[in-house]
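A short worksheet on the structure shown next.
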Amino acid sequence: IEMPESVSSVGFGAFYLCKSMCDMTLSVIGDGNQNTHIGFVFGANVADWNEDFVPASLKRVTLLDSCTRIENKAFANCAGIVEINFSDTLEFIGIRSFVNCRSLSELDCPASLKTISGDAFFGCDNLVSLTIAGTTKIESQAFFGCDNLTEVVIPSTVEKIQIRAFGDCSSLTN
């Protein structure tokens with residue numbers, strides 16, 4: 001599915017039972033208002049149900065420039081997603097946005113990203129490489145439990161790294 005930038009809202013269950021979907025290009029996550037988790041468009045009433053409604057076949061998500069924020073729990077428990085391509089205009093990643101996205105292996109955060117909220121990537125245990133370009137704040141436990149994370153590039157723009165931001169990253173060497 002490739003959504004054009006002109007799409008500002010996607011209704012509840014718009015892709016209900018589309019179990020073979022493997023790639024999505026999104027201009028908005030959910031309805032863009034109160035329901036800002038990926039599971040909403042697959043029929044999940046709340047973000048905690050993402051894993052039950054988002055198809056396991058969904059491997060790649062690309063966010064278009066109109067997507068400047070990823071709200072709390074937006075992709076929580078989407079264990080099948082291997083790749084997230086952030087927009088060059090992304091400014092904010094919310095609390096637990098990618099918690100337990102166990103298949104993510106590499107992340108390149110754009111220079112526009114200012115805040116990575118607490119627990120954002122908690123438990124992404126296959127994450128190996130992380131590049132942060134323009135971030136100023138990495139909140140508590142943002143990458144806690146990313147067991148296979150070996151390399152992190154932190155730019156000079158970072159002003160605050162909060163408690164346990166990289167806690168329990170037992171493979172971190174660089």
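Output the residues belonging to segment 52-99 that are free of Cβ contacts under 8 Å to residues at least 40 places away in the same chain and among the acidic types (Asp, Glu).
Asp52, Glu83, Asp88, Glu91
Please state which one of Asp147, Asp119 is closer than 18 Å to Ile81 by Cβ and at pLDDT 95 or above.
Unique residue meeting the criteria: Asp119.
Tell me, please, whether a residue that is under 16 Å from Glu51 (Cα atoms) and more than 9 Å from the chain's Cα centre (by Cα) can be found in segment 87-101.
yes
I'd like the full set of residues that are open to solvent by less than 40 Å² (accessible area, probe 1.4 Å) and either more than 16 Å from Thr68 (Cβ to Cβ) or touching a helix residue (DSSP H, G or I) at 6+ places or on another chain (Cβ under 9 Å) (or both), limited to segment 1-10.
Once the filter is applied, which keeps residues that are open to solvent by less than 40 Å² (accessible area, probe 1.4 Å) and either more than 16 Å from Thr68 (Cβ to Cβ) or touching a helix residue (DSSP H, G or I) at 6+ places or on another chain (Cβ under 9 Å) (or both), segment 1-10 yields only Val10.
Tell me, please, whether a residue that is within 14 Å of the chain's Cα centre (by Cα), in a loop (DSSP other than H, G, I, E, B), at pLDDT 90 or above and on the phi < 0 side of the Ramachandran plot can be found in segment 131-140.
No; the residues of segment 131-140 include none that is within 14 Å of the chain's Cα centre (by Cα), in a loop (DSSP other than H, G, I, E, B), at pLDDT 90 or above and on the phi < 0 side of the Ramachandran plot.
Give the residue, chosen from Ala47, Ala14, that is of a type in the set (A, V, I, L, M) and under 18 Å from the mean Cα position of the chain (by Cα).
Answer to the selection: Ala47.
Quick check on segment 167-174. Is at least one of its residues open to solvent by 40 Å² or more (accessible area, probe 1.4 Å), closer than 24 Å to Ser27 by Cα and at pLDDT below 95?
Scanning segment 167-174 turns up no residue that is open to solvent by 40 Å² or more (accessible area, probe 1.4 Å), closer than 24 Å to Ser27 by Cα and at pLDDT below 95.
The values are calculated or read from the model by the stated rules, or taken from the named source; none is laboratory data. Here the structure is a predicted model, which is why all the values come from computation and not from measurement. Neighbour counts run over all protein chains shown; Cβ positions are idealised from the backbone, glycine included. To get the accessible areas, we keep the full protein, side chains included, count just its heavy atoms, and leave off ligands, DNA and RNA. Shrake-Rupley method; radii C 1.70, N 1.55, O 1.52, S 1.80 Å.
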